[in-house]
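Accompanying notes for the structure given below.
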Amino acid sequence: MIDGEIMHVDPETLIIEVLKLKHRDYRLIQICAANAGSGYDITYSFGKEYKMVGLRLSIMPDDEIVSISDIYAPAYLYENEMHDLFGVKVKMMSTDYHGNLYRLKNKMPYRKEPAVSQPEKAGAARQSEKQEGK
């Protein structure tokens, strides 16, 4: 990879690419989730000396990704943050706060809901109102 390059990867190849960077002495700089179209882009940034490269996943709201916290221990913080704010499902995290890393007024404030039909949406709203005692 060249300096500043962001390589698109699939969830199935993420771990392989992360291991390649780890074995080339790159350090994890950050992991960032962002809304993109109907899903999310997750960007992993790595650095070595003055060189920076990235890996990017494009996933749908219900997709599940594998944690890289066994490779880069601090990744669990970013992964818990993605879960709490966006609802990204991350399996095999070294430390999982189960949605409690942050105290949020609204759970998963940046979560994109999968497309549902209007009758399903109305039924879900009625069910929510019943649970809240309205």
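No lab work stands behind these numbers, since they all come straight from the coordinates. Because the structure is predicted, anything quoted here is derived from the model rather than measured. Don't worry about glycine lacking a Cβ; one is built from the backbone with ideal geometry, like all the others, and counts go over all protein chains shown.
Counting every other Cβ atom within 10 Å of each residue's Cβ, 110, 44, 72 order from fewest to most as 110, 72, 44.
Of the residues 35, 45, 6, the one whose Cα sits farthest toward the positive end of the charge dipole of the stretch 1-59, with +1 on the Cβ of Lys and Arg and -1 on the Cβ of Asp and Glu, is 45. Across the stretch 93-98, computed HN-Hα scalar couplings (Karplus, 6.51 cos²θ - 1.76 cosθ + 1.60, θ = phi - 60°) run 5, 5, 9, 10, 8, 6 Hz from first to last residue, x flagging Gly and Pro.
List the pairs from 48/91; 20/51; 20/48; 22/51; 20/91 whose alpha-carbon separation is above 23 Å, in the order I gave them. Check vs 23 Å cut-off fails for 48/91. Counting other Cβ atoms within 10 Å as a rough exposure proxy, the listed residues 53, 88 run 53, 88 from fewest neighbours to most.
Fully extended, how many nm does the chain gain between residue 36 and residue 91 (0.36 nm per residue separation, minus their Cα-Cα distance)?
Numbers: separation 55, 0.36 × 55 = 19.80 nm, distance 2.16 nm.
Extending this stretch completely gives an extra 17.6 nm.
Cβ crowding within 10 Å ranks 27, 56, 103 as 103, 27, 56, fewest other Cβ atoms first.
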